[in-house]
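Visitor: The structure follows.
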Amino acid sequence: MKSRNLNSIDCKPFELLLDQKTIARRVVELGKQITHDYHDKNPVMIGVLKGCIVFVADLMRHIKLPLELEFVAAASYRKGAKREQQVEFGGPAHIALKDRNILITEGVVDTGRTVTTLLKQLAKEEPASMEIVTLIDKPASHRTKLNIKYKGFTVGNEFVIGYGLDNTQKYRNLPFIGSVIDSE
Ligand code: IMP
Ligand code: MG
């Protein structure tokens, strides 16, 4: 039986931006950097679903520390004329965050609305520290001032897919990152 080739069939509207080896190398570097910076700590990684999943899975294995993992899901909704962002915890039970060192881990930071909302919400839990980790940063799209300590790659305004990132829920399973050239 012939196997379907994802790269040639499903990826027509995209062009390769970051290949597997390039991503893997950068993820190792980020893991080393975090391991070094948190050598005397037990951080809590909080992944922002769903775009974070592949990045978190790879990155956590390069963090050589006692690490705990939590996930949150972010949802946008309209409240009157004002667009607001609601961020909810993804599971019923979550780790007590008071005095913990939090690593908010995103697949992509675009406007920064999600991480900003999350930072505000998590601050109420009185953690010892919070830093943002993102595989992809789009600084030209930021709407607020952001301090992103750990970033894999900086891109322009293009829409990226693969390695956990979707376009209308598809392409998350591509092992590389592509840039949309035809959004049809
Ligand atoms: P924010 O604008 O920084 O709050 O990002 C909101 C969300 O939009 C991200 O968590 C992603 O789910 C999604 N997003 C933004 N840019 C891209 C992209 O280039 N590819 C895939 N998803 C994106
Ligand atoms: Mg999405």
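Visitor: Per residue Cα convex hull volume for the range 10-66, in cubic angstrom?
Guide: 93
Visitor: So which trypsin sites (Lys or Arg not before Pro) in the range 127-177 are both in a DSSP loop and have at most 15 other Cβ atoms within 10 Å of their Cβ?
Guide: ARG143, LYS145, LYS149
Visitor: Can you compute log10 of I(q)/I(0) for the range 116-184 with the Debye formula, treating each Cα as one identical point scatterer, at q = 0.12, 0.13 Å⁻¹?
Guide: -0.42, -0.49
Rule-based calculations on the coordinates, nothing more; no lab input. As the structure is a prediction and not an experimental result, all values here were calculated from the model. No Cβ is skipped: glycine too gets one built from the backbone with ideal geometry, and neighbour counts run over all protein chains shown.
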